[in-house]
Amino acid sequence: MLTYFKDFILNIFFIFSPLVFYPYIYKTKSNARLYCSLMYILFAFALVVTMSFPIDLNGLIFDFRSIPLVIGALYGGTFVSALLFFTLILYRDMLGAPHNWYYFFAILPGFILLVLSLKPFQSLKLYPKMFVSILLCTVIKLFAFGLYLSLTGQLTLLTIKPASTLITYLLQACIVGFYVYLLEFLNGHFQMQDEIVKSEKIKMIGEMAASVAHEIRNPLTTVRGFIQLFGNANLEPDKKEIYQKICLDELDRAQLIITDYLTLAKPDPDIVEKINVNGELDYLSNVLLTYANYNRIQVDKTPSENNDLCILGDRYKFRQALINIGKNAIEAMNQGGSLRLKAFLRHDGVVMIISDTGAGMTPEQVKRLGTPFYSTKEKGTGLGTMVSFGIIKKMDGKIEIESEPGKGTTYTLLFPAAE
């Protein structure tokens, strides 16, 4: 009895082995050919192994081959069913089992019944699926044994120790039922995950649409108002010039907002080149200098001692990211202050530091920085920072932010050094 028990455990282990890989196979469902191929490979493996380690019950060779055959067919489809059926016949012949043609005709009715059950099975709920799986497994086994033993004149083997035979059928039923329960549980879990992802995407699209409408409506409303004022015949020339400038500024703001949204939708850049860090630090300093002077802010630049220090990436997008972070740093210093730009080589890569002495941020604000629609500025969308962080991460860069309310913020950007 102990020998039987060990053989049963070994068979059960191999039968349940496909479940380890099933979560990865489920993700390929959109590709029907790949999904069917992987399902066949896994259940064919379980089928072959269970046939390789059969159990001898009083001269009757018994194994759990019907379990991977039925489960693989029900969850793999007609194509997988046919392949598993022919794998069963072929491997039985390779094992040197007698009367292979008799076995072929003996199992054929069960296979036809299995194929006819595939479509109705998909529409069933959990417990009916478990019942149908158990029934199919039992019927196929009985058909195969009964017809095969009748054709070979050994039908009396079924009546020897019927209690042991009944126990094996009950054990097989428990395994099949539990197997279907696990697969349905996994399928339900994965479907729930898919629904959550879909709902999050729909929610994100809704937020994006609302944000676009809100951000674009503000400057357009301003422009509309001033265009109506232009219709006043008594409007003074100097006011016309002021109104025109306001209209153009608002339209420029709307264009910048649209550009930020479009940048989010653009694919990864194809241009990858060596970027000289000191050169980019000089460029950033020159671009920000006028804006900094206007806001009474001093710019302090400390280039790297290594003039040939380089990183890899898209130069123009990298500049866009640095300028955005630099402008945000300047705008955080309402009462003037100091903007520090620094670059140096560290053992783990190239470091660029942009720090200010502005308003600073709380830990909660730092945590949310770079997420959609969040900004510490009154009229900000948060998209500029999000785009900048995305560019840096696409360059294999890392971003560390240290900030304290009233003392300023420090952005530390770490990049792999280019050889």
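For labels at GLU364 and ASP194 in the simple 7 Å Cα→Cβ model, what's the distance in nm?
Once both label points are built, they end up 3.8 nm from each other.
Taking amide H positions as placed in the peptide plane 1.01 Å from N, state which residues far from GLU404 in sequence (5 or more) or on other chains have amide H under 5 Å from it.
Distant-sequence amide H within range of GLU404: MET361.
Hey, can you grab everything whose amide H is under 5 Å from the amide H of VAL350? Only 5+ residues off in sequence or another chain; H modelled, so Pro and N-termini drop out.
Under 5 Å from the amide H of VAL350 lie the amide H atoms of PHE415, ALA417, each far enough along the sequence or on another chain.
Given the protein chains as shown and a 1.4 Å probe, how many square angstrom of LYS203 are accessible, to the nearest 10?
Accessible surface of LYS203 is approximately 120 Å².
Helix by helix, which DSSP H runs in the chain go 27 Å or more along their axis at the Cα atoms and have an average Kyte-Doolittle hydropathy of 0.0 or more? Don't skip to the answer; put the middle values down first.
Working: long enough: 32-52 (30 Å, 1.71); 100-122 (32 Å, 1.15); 126-151 (37 Å, 1.69); 162-230 (101 Å, 0.45); 237-265 (42 Å, -0.23).
Within the chain the helices that satisfy the rule are 32-52, 100-122, 126-151, 162-230.
Amide H neighbours of VAL299 under 5 Å, at least 5 residues apart or on other chains, H built in the peptide plane: list them.
LEU339
Tell me, what is the per residue accessible area of the chain in Å², probe radius 1.4 Å?
Details: 23860 Å² over 419 residues.
On a per-residue basis, the chain sits at 57 Å².
Can you pick out the pairs among LYS203/LYS393; LYS29/LYS317; LYS240/LYS327; LYS203/LYS407; LYS29/LYS398 whose Cα atoms lie more than 28 Å from each other?
Cα-Cα > 28 Å for LYS29/LYS317; LYS240/LYS327; LYS203/LYS407; LYS29/LYS398; rest within.
Using a probe of 1.4 angstrom, how much of the accessible area of the chain is carbon and sulfur, in percent?
Summing carbon and sulfur atoms, their accessible area is 62 percent of the total for the chain.
Quote the FRET efficiency, to the nearest 0.05, computed for LEU135 versus GLN298 with a Förster distance R0 of 56 Å and r equal to the Cβ-Cβ distance. Write down the numbers at each step before the final one.
Values: r = 83 Å, r/R0 = 1.48.
Approximately 0.10, to the nearest 0.05.
Rounded to a whole number of µm²/s, how large is the Stokes-Einstein D of the chain at 4 °C and 1.567 mPa s, given Rh as the Kirkwood radius over C-alpha pairs? Walk me through the numbers on the way to the answer.
Numbers: Rh = 28.0 Å.
Reported coefficient: 46 µm²/s.
Calculate, in nm to one decimal, what ASN334 and PHE86 gain on full extension: separation in residues at 0.36 nm each, minus their alpha carbon distance.
On the way: separation 248, 0.36 × 248 = 89.28 nm, distance 7.78 nm.
Taking ASN334 through PHE86 to full extension adds about 81.5 nm, to one decimal.
For the range 273-415, what percent of Cα pairs sit more than 20 Å apart?
Values: 4432 of 10153 pairs.
The calculated P(r) of the range 273-415 puts 44 percent of pairs beyond 20 Å.
Computed FRET efficiency, Cβ-Cβ of LEU170 and TRP101, R0 25 Å: what is it to the nearest 0.05? Please list the in-between numbers first.
Numbers: r = 31 Å, r/R0 = 1.25.
Given R0 = 25 Å and the Cβ-Cβ separation, E is 0.20.
How many nm is it between the label spots at TYR316 and ASN234, if each spot is 7 Å from the Cα in line with the beta carbon?
5.1
The values are calculated or read from the model by the stated rules, or taken from the named source; none is laboratory data. The structure presented is a predicted model; accordingly, all values stated were derived computationally and were not measured. Cβ sites come from the backbone with ideal geometry, for glycine too, and all protein chains shown count toward neighbours. Each accessible area value is taken on the protein alone, full model and side chains, heavy atoms only, with ligands, DNA and RNA left out. Shrake-Rupley method; radii C 1.70, N 1.55, O 1.52, S 1.80 Å.
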